1. Note the angle between two axes, namely the Cα long axis of helix A:2-23 and the longest principal axis of the Cα atoms of chain A, as a number of degrees from 0 to 90, rounded to the nearest 10.
2. Students often forget the sequence filter, so: which lysines lie under 20 Å Cα-Cα from A:K278 once same-chain residues fewer than 8 apart are removed?
3. Counting only the heavy atoms of the protein chains, how much of A:D112 is accessible to a 1.4 Å probe, in Å² to the nearest 10?
4. At a 1.4 Å probe, what is the % contribution of carbon and sulfur to the accessible area of chain A?
5. Just to verify a number: FRET efficiency for A:D18 and A:N58, C-beta to C-beta distance, R0 = 22 Å, to 0.05?
6. What do you get for the angle between helix A:50-63 and the principal long axis of chain A? Use alpha-carbon atoms, 0 to 90 degrees, nearest ten.
7. Under a point spin-label approximation (7 Å from Cα along Cα-to-Cβ), what is the A:D157-A:N218 distance to one decimal in nm?
8. Need the list of lysines near A:K327 for cross-linking: C-alpha distance under 17 angstrom, and skip anything on the same chain fewer than eight residues off.
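The values are calculated or read from the model by the stated rules, or taken from the named source; none is laboratory data. Being a predicted model, the structure only gives us computed values, none of them experimental. Reconstructed Cβ throughout: ideal geometry from the backbone, glycine too, with neighbour counts over all protein chains shown. The area values use the complete protein model at the heavy-atom level, side chains included, leaving out ligands, DNA and RNA. Shrake-Rupley method; radii C 1.70, N 1.55, O 1.52, S 1.80 Å.
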Amino acid sequence: MENIENQDFKQIGSKLLDWYKKNARDLPFRQTKDPYKIWICEIVFQQTRISQGLNHYNNFVKRFPDVKTLAEAPEDEVLLYWKGLGYYSRAINIHKAAQQIMTDYYGVFPHDYEEILKLKGIGKYTAAAVSSICFDSKMPAVDGNFYRVLSRIFADDFDISNSRAFNYFSELAQLVLPENVGDFNQAMMDLGSEICKPKNPLCHECPLNQDCLAFQLNKVSEFPVKTKKVKAADLDLKYYFVHRNGQFLIQQRKDDFIWKKLFEFPPEISEELMPFIKSVKNVNHKLTHKNLSIEIFNVEVDSESVWEDFIIKNQYIITDFEGSHEKSFPKPLENYIQNYHTAYRIL
DNA sequence: AATACGGGGGG
DNA sequence: CCCCCAGTATT
């Protein structure tokens, strides 16, 4: 019995592969099996749409074309190429992993799933993706697309917010997995983003609609089942825009909270800074961004004051609007700097 | 097992 | 305004 059903399900995999041969998206990382490039693209496109990250990916691999170049680059520059992408620990980890490959693997990207999994920032999904695409491993790269496509095909109501979902859908994937797992994994990504979309899927164009139980039952919108909805906590921040003659003060964040190692304005006026200050004005610069509320105070510094020693001692960095391009700022602050520059023409 | 981590886009 | 997305690390 299982044999017969298995045969049926396997044809789903081969149908998908046929569809992929004709409909694969033309993406820069599709013409290579270089594990470095595949790795970078997998990290860039975690929780990130293609249209959103494509320029970042291209710029990144142009500047850092291989493991060695990346490993030898300064961390701040890696961060700079990640500017605006979000989830900045990805950049930190990608840099560490490159150094890990240099020291632990003599600069050669490891071939085995288990070894790849040991690299910083690489979890089960990415290890499966890289090993299957580059080294022909048979691991399904189970991600949000797998959850969505498989739950619909089998009209399976297993809750994808359950922490066992990864294992559950990995088993389910075995039913349809063809010989060429690397292409299958990529096919699932394309089908999931182009056809089997979260909202308004294009079922009439889907190569698998005859095999899709949810479609046959007219219940596609009911899958996947996801019960938990976590809401991000609200966050109120204050920043002091300390400036003089078109220059302003910034410092680097720690790596223990949001915006890891990104640059920001001083979040407070320290005691040592007081003597240099001419005025602090609440100019009503309020940035709201998602669940963020950021209040910015305009701080004017006495233009005669000599504060170089103070800056070094307190690990502040002084920069101008041009220099700020060399640093990676959180998006709301990046926008603020741009607007301030254009609105006030401070040079 | 639960939670934090960003930013862009769709409805 | 809420939901979703080529997930991972931490607790």
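1. Approximately 50 degrees, to the nearest ten.
2. A:K238
3. 90 Å²
4. Here it works out to 49 percent.
5. 0.15
6. The two axes meet at around 70 degrees.
7. 1.9 nm
8. Filter leaves A:K83, A:K254, A:K260, A:K261.
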